[in-house]
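My questions will all concern the structure given below.
The values are calculated or read from the model by the stated rules, or taken from the named source; none is laboratory data. As the structure is a computational prediction, the values presented were derived from the model and not from experiment. Because the Cβ atoms are built from the backbone with ideal geometry, glycine has one as well, and the counts that use them run over all protein chains shown. Accessible surface areas use protein heavy atoms only, side chains included; no ligands, DNA or RNA. Shrake-Rupley method; radii C 1.70, N 1.55, O 1.52, S 1.80 Å.
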Amino acid sequence: MTNSPSANDLQVRRRQIGEAIRGHRFFLIVGHTRPDGDCLGSQIALGLGLRAMGKTVRIWTAGPILPSLRFLPGLDQIESEIDPAFEPEVTIYCDCGGLTRPGGDFEPRGLVLNIDHHISNDHFGDINWVDTGAAAVGEMIFDLLNDLGVPFSPDIANCLYLAVMADSGSFKYGNTTLRTFEVATECVRRGANPAWVGEEFYDSLSRDTLLIKGQVLSHLHFEFGGRLCWSEISQELYERGGGEINEPEGLVGEMRSIEGVEVSVLIHELAEGGARAGLRSRGTHRVDRIAERLGGGGHPSAAGCYILGDFAEVRERILREVRAEMMPAVTSQRPAAG
Ligand SMILES: [Mn+2]
């Protein structure tokens, strides 16, 4: 079984998604819990685009909306309660690797369209357009809105610019392609403001966020001669730092940026017991495989998992899987860097 459909197959899926949108009127657009810039930017851009086509659209998220995303245009269009009176003909999933990723008790209604780029996507929809070569779902929404002939407002352009900027790590992660830059260029041409989006997203940290970050960075654990870096955020630290809403974005990525580190892991204690973890890799190890063994998923170099239970036990389980993945490389001959 392969998760990499051919380019031709992707074209077919993209066309089927476009036809399904043209053929219906009532839409519900959802994304995953704790939506990131790609997820929320894609949801809003798609919602605004379909409304410009005269469709009736509701956009829903379980939240929370992180402080770094509160500047997003169109955020007032997002609902956190599902209106039971609304009967969508189509539910569109954005950036969700599985059916339950929207969280809560969410259940789709009507035709299910699955638009995603996670390699771990399990193709849960009636139509599945899963392009693992896309740096962001925002790239796919960009293509889709163009297919549908939707004129881009500056709000749509800013949302899609944020989506590709955020998921490509500002165009520096390994997923960044010519296509990523082309989408960004086109968004700027159509009214996106890179300086504004960049400043709002990256440079609006609260003091509490920096307090949490400082604590994590001063308690880093290194293993395998510095090739693994891990740390944790306890509930106690979150309480001191004003709550989980102040989670430092991108911190696990910064841990990976330390010289010599190949895999970084940041483990968050859950209020409900257990942990969620973010995993990053420089490409030498497939962290999506580690995450999948822990019931999660993601991309080869960026993945995550969520496990209920006793925090200390769950933390050890996560670290055990990470160590098992990294163990063989300790003894094998590594080619000289070139
Ligand atoms: Mn994404």
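Please find the FRET efficiency linking R109 to D203, where r is the Cβ-Cβ separation and R0 is fixed at 30 Å, and quote it to the nearest 0.05.
Plugging the Cβ-Cβ distance into 1/(1 + (r/R0)^6) gives 0.15.
How far is helix 7-22 tilted off the main Cα axis of the chain, in degrees rounded to 10, range 0 to 90?
The answer is roughly 50 degrees.
Taking only Cα atoms, what is the 0 to 90° angle, nearest 10, from helix 207-217's long axis to the longest principal axis of the chain?
Once rounded, one gets 40 degrees.
Also, I was wondering about something else. Kindly state, as a whole number, the per residue volume in cubic angstrom of the convex hull around the alpha carbon atoms of the range 207-330.
It comes to 92 Å³ per residue, whole-number rounded.
If you put +1 on each Lys and Arg Cβ and -1 on each Asp and Glu Cβ, how big is the dipole of the range 207-330 around its Cα centre, in Debye rounded to 20?
440
In Å, what Kirkwood hydrodynamic radius results for the chain from the alpha-carbon pair distances?
Working: mean 1/r = 0.0486 Å⁻¹.
About 20.6 Å, per the Kirkwood formula over Cα pairs.
Could you calculate the contour length gain from L178 to W196, that is, 0.36 nm times the residue separation minus the distance between their Cα atoms, to one decimal place in nm?
Here the answer is 4.2 nm.
Here is a follow-up. Using a 1.4 Å probe on the protein heavy atoms, what percent of the accessible area of the chain belongs to carbon and sulfur? Present the calculation step by step, with values, prior to reporting the outcome.
Details: 7560 of 15000 Å².
Looking at the chain in its full context, I get 50 percent from C and S.
Here is a follow-up. Which of these, A85, A52, A135, has the largest mean-square fluctuation under a Gaussian network model of the chain (Cα springs below 10 Å)?
Residue with maximal mean-square fluctuation among A85, A52, A135: A85.
Still on this structure, I have one more. Which distance in nm do the two modelled labels at N8 and R25 give, with both placed 7 Å along the Cα-to-Cβ direction?
So the label points at N8 and R25 sit 3.8 nm apart.
Please list, in order, the residues from the range 80-120 whose amide nitrogen is less than 14 Å from a point placed 7 Å along the Cα→Cβ vector of T56.
From the range 80-120, the list is 83-90.
Looking at G74, G49, T61, which one has the Cα that reaches farthest to the positive end of the dipole of the range 23-80 (charges on Cβ: Lys, Arg +1; Asp, Glu -1)?
Towards the positive end, the residue furthest out is G49.
Still on this structure: Per the Kirkwood definition applied to all pairs of different Cα atoms, how many angstroms is the hydrodynamic radius of the range 7-202?
One over the average 1/r among Cα pairs gives 16.3 Å for the range 7-202.
Can you give the local net charge around I17? Use residues other than it whose beta-carbon is closer than 12 angstrom to its beta-carbon, Lys and Arg +1, Asp and Glu -1.
Result for the neighbourhood of I17: -2.
So what's the gap between the Cα centers of the range 86-127 and the range 228-282, to the nearest angstrom?
27
Would you kindly find the accessible area of M327, with a 1.4 Å probe and non-protein molecules such as ligands, DNA and RNA excluded, rounding to the nearest 10 Å²?
The accessible area comes out at roughly 100 Å².
With +1 on the Cβ of every Lys and Arg and -1 on the Cβ of every Asp and Glu, and nothing else charged, how large is the dipole of the range 7-202 about its Cα centre, in debye rounded to the nearest 20?
Magnitude of the dipole: close to 380 debye.
Could you order the peptides 241-247, 31-37 from most to least packed, using the average number of other C-beta atoms within 10 Å per residue?
Highest mean packing first, the order is 31-37, 241-247.
Oh, and also: Can you give me the angle between helix 311-331 and the longest principal axis of the chain, using Cα atoms only, in degrees from 0 to 90, rounded to the nearest 10?
It is inclined by approximately 80 degrees.
For the range 179-252, go through all pairs of different Cα atoms, get the mean of 1/r, take its inverse, and jot down that Kirkwood value in Å.
One over the average 1/r among Cα pairs gives 14.9 Å for the range 179-252.
While we're looking at this one, here's another question. Taking 30 Å as R0, compute the FRET efficiency from the Cβ-Cβ separation of T100 and E239 and round it to 0.05.
The computed FRET efficiency comes out at 0.60.
Quickly estimate the mean residue ellipticity at 222 nm for the chain, helices only: each DSSP H run with n ≥ 4 gives -39500 (n - 2.57), and the total goes over all residues, rounded to 500.
Helix contribution divided over all residues of the chain: -12000 deg cm²/dmol.
Measuring with a 1.4 Å probe in the full set of protein chains, what accessible area per residue, in whole Å², belongs to the chain?
Numbers: 15000 Å² over 338 residues.
Counting only protein heavy atoms, the per-residue value for the chain is 44 Å².
When the dipole is taken about the Cα centre of the chain, and only Lys, Arg (+1) and Asp, Glu (-1) are charged at their Cβ, what size is it in debye, to the nearest 20?
Its charge dipole is roughly 820 debye.
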